[in-house]
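The values are calculated or read from the model by the stated rules, or taken from the named source; none is laboratory data. These numbers were taken from a predicted model, which means no experiment stands behind them. Here the Cβ is made from the backbone with ideal geometry for all residues, glycine too, and neighbour counts use every protein chain on show.
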């Protein structure tokens, strides 16, 4: 199927028909996969599906530490009182 790339503000986009959106159950978001010269769009039903399980697994593996130091470590909050 051929479709046109259209101007959307300062960007460009791809317009999908209602029929395609319904057939592939595309709602608000898609996952875009760039693979071997192709762009694959996969519907996302629930964007944060399984995050809770992933966070529990991270905690169990002690892998839930901040990657950056706390930005307020050296702040003196008393001066704001």
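Values computed for the structure shown
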read-out	value
Residue check for residue 57: surrounded by fewer than 10 Cβ atoms within 10 Å (Cβ to Cβ) and assigned to a helix (DSSP H, G or I)	no
Residue in region 25-48 that is assigned to a loop (DSSP other than H, G, I, E, B), modelled with pLDDT under 85 and more than 30 Å from residue 1 (Cα to Cα) present	yes
